[in-house]
1. Would you check if there is a residue in the stretch 32-41 being among the β-branched types (Val, Ile, Thr) and at pLDDT below 95?
2. Can you work out which of the residues in the stretch 50-71 that are within 15 Å of residue 7 (Cβ to Cβ) and exposed (fewer than 10 other Cβ atoms within 10 Å of the Cβ) is modelled with the highest pLDDT?
3. Pull out all pairs, ordered by first then second residue, where Cβ-Cβ is under 6 Å, the residues are six or more apart or on different chains, the first lies in the stretch 52-79 and is closer than 26 Å to residue 34 by Cα, and the second is assigned to a loop (DSSP other than H, G, I, E, B) and modelled with pLDDT under 95.
4. Can you work out which of the residues in the stretch 4-41 that are among the basic types (Lys, Arg) and in contact with a strand residue (DSSP E or B) (Cβ under 6 Å, 6 or more places away or on another chain) is farthest from residue 54 (Cα to Cα)?
5. So which residues in the stretch 1-44 are free of Cβ contacts under 8 Å to residues at least 24 places away in the same chain and closer than 14 Å to residue 68 by Cβ, if there are any at all?
Amino acid sequence: MFTKRQGLIIWFKHIKQAKKLRRYGHLIYTSKRMKYAVLYVNQEDLEDIEEELNELSFVKYVDRSHKPDIDTAYQGMLNKTHDLEAEMESYYKSG
């Protein structure tokens, strides 16, 4: 149904060749001042693309986004919030 995607952060030596990254994935953002770009690629192609990008002469190094590794189920947090609200209410009512 949906293809799993992952972000790559590419750090440059020179920003001029940043447009060449479009052939590797979906170029989301480019910072001229900080000399980096954010590129989204399919997770199944991630290893190959990362190796190819590291071999380019204008690339310093490539970092992976950690978002797929982070648990985004926040169901327990909602209960904690309600408990804190109840504690605060009882504290202010009593004192």
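1. no
2. Only one residue tops the list, namely 66.
3. Every condition considered, the pairs that remain are 58/13; 58/14; 60/13.
4. 5
5. 2
The values are calculated or read from the model by the stated rules, or taken from the named source; none is laboratory data. This structure is a prediction, so every number in the text was calculated from the model and none was measured. Reconstructed Cβ throughout: ideal geometry from the backbone, glycine too, with neighbour counts over all protein chains shown.
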